[in-house]
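The values are calculated or read from the model by the stated rules, or taken from the named source; none is laboratory data. Owing to the predicted nature of the structure, the values given are computational and were not obtained by experimental measurement. Here the Cβ positions follow ideal geometry from the backbone for every residue, glycine too, while neighbour counts run over all protein chains shown. Only protein heavy atoms, including side chains, enter the accessible area calculation; ligands, DNA and RNA are left aside. Shrake-Rupley method; radii C 1.70, N 1.55, O 1.52, S 1.80 Å.
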Amino acid sequence: MGYLVLARKYRPQTFEDVVGQAHVTRTLANAIRAGRLAHAILFCGPRGTGKTTTARILAKAANCAAGPTDIPCNACGSCCDITAGTAADVHEIDGASNNGVDHIRDLRDHVRYMPVAGRYKIYIIDEVHMLSTAAFNALLKTLEEPPAHVLFFLATTEPRKLPVTILSRCQRHDLRRVSTRDLVHHFQRLCAAEGVCLPAAGIHAIAREAAGSVRDGLSLLDQVIGAMAGNAGPGSSPPEITHQEILDLLGVAGREAVAALATAVLTSDAPAALSLIDRFYTGGMDLKTIYSDLVTHLRNLLVLASTGGPGQLVDASPEEQEEMMRQAGTVSISDLMQLLDILLKEEQTLGTASRPRIAMELILLRLFQIRPTLPMEDLIRGMENLAAGLPVPPRRPESRRVHPETPAALPLASPDPGMEIREPKAAAPAPPPSPPVSPMPAPKPAASSAAGAGGTPDVIWRAVAQEISREIPPLAPFLTATRFVGREGNALHLECGNGVFGAKRLEKHRAAIEAAAARRFGEAVVIRPAPGPEAAHGGPSPGQRKAALRQEAVNHPVVQAAMEIFQGRILRVDPLDPGPASPGGTIKTQS
Ligand SMILES: [Zn+2]
């Protein structure tokens, strides 16, 4: 006897055998038991989910010598003929190739005659949506007044293409994609029956690749078992196959490789991402599939992070889900949503790209340019602290960094020789530090804060200026522009670079400046600010004043804190009252 493909060898012969469609088979079995079988039944569902298989079992159930019964005997002549496809009363019509009106007219003529041997004359029309409009109309006539001895079982993958008039005359049953879990169990049973041993992760990979279709999964399983036969070594040792060999046969990347790519994305690790893409590409894998796997993986992380633990919403084994949980713990939900959002938007770019490799590299590199969002709760906490006068919490690190102590891309089931997993980088490259906003030199710790510290009056004045700049940041630009001219008794003569305006700013904070100066000089002093040379022709120009105002606003602690919280930059400074002494104003920032 020749080799029989698994899909035929293990075709379900009873309702119980049908995988993952209990909601349909139970209803049909109940209908048969109750003697209330509809005359026209429509099976809808994705390919390979068991539409025609269920229709054939239903035909057996209706025509079984021991029936009608919900458990066909599979031993009587009628059952055996249906299994063999030779039953005189069961007509299988392929709607795709017999879609003309003539075929349906023939059918209509035949419908009148009584069944040859069985109870019912049964028509199974597969791919019924392929019928022409004229054929549909001809069929409709028969469906409207079907003879009592006729049953119509229609099957389609696209019920939306059926005329409403047909739909309304059929009892509809929707078959679902079979869950990966059900497929895995089914394939494990078949492997045991066939006496072959596949690695569990390999069976999972086949089930996932089948995408809910039993038939597709069985074809893949056939392929794998065929390859194993070729692997059979000398002697009587049973043939073996590794997980990686199965992945290679299926032409898919393993979960580990996709997890590694996800790690590279989460850590903004461009070298790792590019080398993985290179490996996928040179390995002959379809980059669009890899991309879709990456999106699915990030979606799984998001689901796990949102639901708080492994569950049925994620299509992966419990061990794989544990690994995913660990990876999900290294990134915030808002970052995951942002990443997914961008990847989904870019999916079309990749789909239409003539050079998918370059397109995918570009998409990921662009992704790395985008800084992670600041969670809203952080923003609110920052604003509240600011309002309450508390220190603003420091901002989180720049990149979506996976904690280095967390091995995010561990091999899941078996060591993977073909796919070397990169350890996550210890740290993402830090961005160049932004230039300080204040033109002041960075404050150095004072050599000694004791009163009467040594140094020339000029040096001591610089220390005073630095101290005041830290205490009253808005004054910093004026102090920077101020030159110490000389000391006369306890009077410090200062020349203000910002002219009259600068001198007035210093006057306004005279008390604080003099107090600090007294501490530094070790005795009470008074300051004598005077406009510098620029003031010679009537004060600072409007441009200078605007620049000074802007600097004052930028240095204001509230503005600084707001920029820190929102990670913004100043777009515009609007004085409230455009006068030289106006301290107020509005600041427009962009984050
Ligand atoms: Zn039977």
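Within the group 102, 81, which residue is part of a helix (DSSP H, G or I) and within 28 Å of residue 33 (Cβ to Cβ)? On inspection, the qualifying residue turns out to be 81.
In the range 69-82, the residues that are in contact (Cβ under 8 Å) with a residue 40 or more places away in the chain and open to solvent by 50 Å² or more (accessible area, probe 1.4 Å) form Cβ pairs under 8 Å with partners that are more than 8 Å from the ligand (Cβ to nearest atom) and among the aromatic types (Phe, Trp, Tyr), at six or more places apart or across chains, as follows: 71/15. Among the residues of the range 167-182, at least one is in a helix (DSSP H, G or I), open to solvent by less than 40 Å² (accessible area, probe 1.4 Å), modelled with pLDDT under 90 and out of contact with any strand residue (DSSP E or B) (no Cβ under 9 Å at 6 or more places or on another chain). For the subset of the range 58-86 comprising residues that are among the aliphatic types (A, V, I, L, M) and farther than 21 Å from residue 146 by Cα, which member is nearest to the chain's Cα centre (by Cα)? Per the stated criteria, the residue is 71.
Only residues that are surrounded by fewer than 17 Cβ atoms within 10 Å (Cβ to Cβ), in a loop (DSSP other than H, G, I, E, B) and hydrophobic (A, V, I, L, M, F, W, C) were counted in the range 266-317, giving 1.
The residues of the range 69-85 that are near the ligand (Cβ under 10 Å from one of its atoms) and on the phi > 0 side of the Ramachandran plot amount to a single one, 74. In summary, residue 29 fulfils each of the numbered conditions (1) at pLDDT 90 or above; (2) away from the ligand (no atom under 16 Å from the Cβ) with the single exception of condition (2). Within the range 58-68, being near the ligand (Cβ under 8 Å from one of its atoms) and within 21 Å of residue 38 (Cβ to Cβ) holds for 60, 63, 64, 67. With respect to the conditions (1) over 22 Å from residue 215 (Cα atoms); (2) touching a residue at least 40 places away in the same chain (Cβ under 8 Å); (3) more than 16 Å from the ligand (Cβ to nearest atom), residue 53 falls short on a single one, namely (1).
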